[in-house]
1. Test of understanding: among 236, 205, 221, which residue is within 23 Å of residue 299 (Cα to Cα) and acidic (Asp, Glu)?
2. Of all residues in region 70-97, which are farther than 24 Å from residue 17 by Cα and either not aromatic (Phe, Trp, Tyr) or not assigned by TED's automatic domain parsing to the domain that holds residue 182 (or both)?
3. Filter region 48-63 down to the residues that are surrounded by 10 or more Cβ atoms within 10 Å (Cβ to Cβ), among the hydrophobic types (A, V, I, L, M, F, W, C) and closer than 17 Å to residue 273 by Cα and list them by number.
4. Among the residues of region 78-104 satisfying the criterion of being aromatic (Phe, Trp, Tyr) and in a loop (DSSP other than H, G, I, E, B), which is surrounded by the fewest Cβ atoms within 10 Å (Cβ to Cβ)?
5. Here are some residues: 219, 225. Which one is surrounded by fewer than 22 Cβ atoms within 10 Å (Cβ to Cβ) and under 20 Å from the mean Cα position of the chain (by Cα)?
6. Scan region 69-100 residue by residue and report those that are free of Cβ contacts under 8 Å to residues at least 24 places away in the same chain and hydroxyl-bearing (Ser, Thr, Tyr).
7. Among (1) over 11 Å from residue 44 (Cβ atoms); (2) assigned to a strand (DSSP E or B), which single condition is residue 75 missing?
8. Looking only at region 138-165, count how many residues are surrounded by fewer than 20 Cβ atoms within 10 Å (Cβ to Cβ), more than 12 Å from residue 103 (Cβ to Cβ) and among the aliphatic types (A, V, I, L, M).
Amino acid sequence: MTRAPRTLIASRLFPPEVSAGAFRLGALSRSLKERGADVLVLTTSPPDHAPLTSDPDGLQVRRWPVLRDRGGNVRGYLQYASYDVPLLLRLLFARFDVVVAESPPTTGLVVALVSAIRRRPVVYYAADVWTDGVISMGAPRIVIGLMRAMEREVLRRSKAIISVSDEVTERLLRLDADPDRIATVGNGIDTDVFTPDAVSPSVDDRYFVYTGTMSEWQRPDVFIRAFATIADQYPDVRLRFFGQGAVEQELRATARRLVPGRVDFGGVVSPKESASWIRGAVASLVSIVPGIGYDFARPTKTYAAAAVGTPVLFTGPEAGARLVRDAGLGRAVAFTPEDVAAGMQELLNENSDGLTEELRATRARWARAHVSLAAVASRVADVVARVREDWATRIDSARPAHAGDDGGPLS
């Protein structure tokens, strides 16, 4: 009896961890299961702050304890190594027909090397370009060169490369990726969780909300600095931050200094809670620092707000700004406290005069049509299935004529 094909997903991020990467791969695993595939996930033990949930029925998830930074992230060379080194042995003894590897490139390289030994194809999920990231962080030239070499090697060894946007695809091509192997699938949000039907929290004050990672390449302190210039005019308005990250303590200190008592930090919350807070907000705050290597990014925060129907206040480079403007998702302003403050005032006025609610259904419809995570996952699953089938055909054509159905590595 022929067994179901097995897809292995190798990633340090997977639900219940709260991150865009975890959401992407969770959706992919569900899409593969719906197609009848046998799915094995090799991931990490979730951080203490992750929501308490069980793995979906029928999905095999094997977790490994790893080093995390103070914010609970697998971020940094030692943290990556604590996942990648054991992964090598885990892959050597796992059964799979095709493997999907999520960044960073260190993980991709481990997966590519073991897959070469095992004679299995690799699909690399390139949500961003890590070489750009280390350049933006001002890393030494030797580190940049090493990252570029690793990333190129992973791209060269991958039978297919998943890109989340045209901008990421362009950067992959600069790293000499084969254009015929790149599938640009877009990015998305779970429109079953992030929906206008989410229940707003029971709070009296109006508020702007920031959800997700607080990092050096987002610098969300720009929102606190902007709010400080208008806070006295709007005594009923607050800022609320949910999530964590490298600059969280700096944000807390800035808030205490500039607008004491007016900024709340709620920690990491579940997607359902995040949707609730976004639903009740005047606007969702999204930022990217221009000119440090992430100008191509289109943050998932934008999609989450759109799916709920809440306007976005985006500050940062043109790619993210153009998305907000073209789809009518809110306001896109320059990365200065003055421009952000002006955007806040405009959105507060729209909230007061009812325009926010009038546009909610339109924004949510746009999200369902364009950035459904289920649709993105289905496109990725198509690529994975095609890679597996092409590989199986190659193996069958190379197999001796007398070999039985159970004689090959993909049987």
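The values are calculated or read from the model by the stated rules, or taken from the named source; none is laboratory data. This one's a predicted model, so the numbers in the text were calculated from it and none came from an experiment. Please note: Cβ atoms are built from the backbone with ideal geometry, for glycine as well, and neighbour counts cover all protein chains shown.
1. Details: 236 fails: within 23 Å of residue 299 (Cα to Cα); 205 fails: within 23 Å of residue 299 (Cα to Cα).
Exactly one of 236, 205, 221 is within 23 Å of residue 299 (Cα to Cα) and acidic (Asp, Glu), namely 221.
2. Of everything in region 70-97, those that are farther than 24 Å from residue 17 by Cα and either not aromatic (Phe, Trp, Tyr) or not assigned by TED's automatic domain parsing to the domain that holds residue 182 (or both) turn out to be 92, 95, 97.
3. 50
4. Just the residues of region 78-104 that are aromatic (Phe, Trp, Tyr), to begin with: 80, 83, 93, 96.
Now narrow it down to the ones that are in a loop (DSSP other than H, G, I, E, B): 93, 96.
Working: 93: 6, 96: 22.
Residue satisfying both the conditions and the ranking: 93.
5. Values: 225 fails: under 20 Å from the mean Cα position of the chain (by Cα).
Just one listed residue meets the conditions, 219.
6. Of everything in region 69-100, those that are free of Cβ contacts under 8 Å to residues at least 24 places away in the same chain and hydroxyl-bearing (Ser, Thr, Tyr) turn out to be 77, 82.
7. (2)
8. Of the residues in region 138-165, 6 are surrounded by fewer than 20 Cβ atoms within 10 Å (Cβ to Cβ), more than 12 Å from residue 103 (Cβ to Cβ) and among the aliphatic types (A, V, I, L, M).
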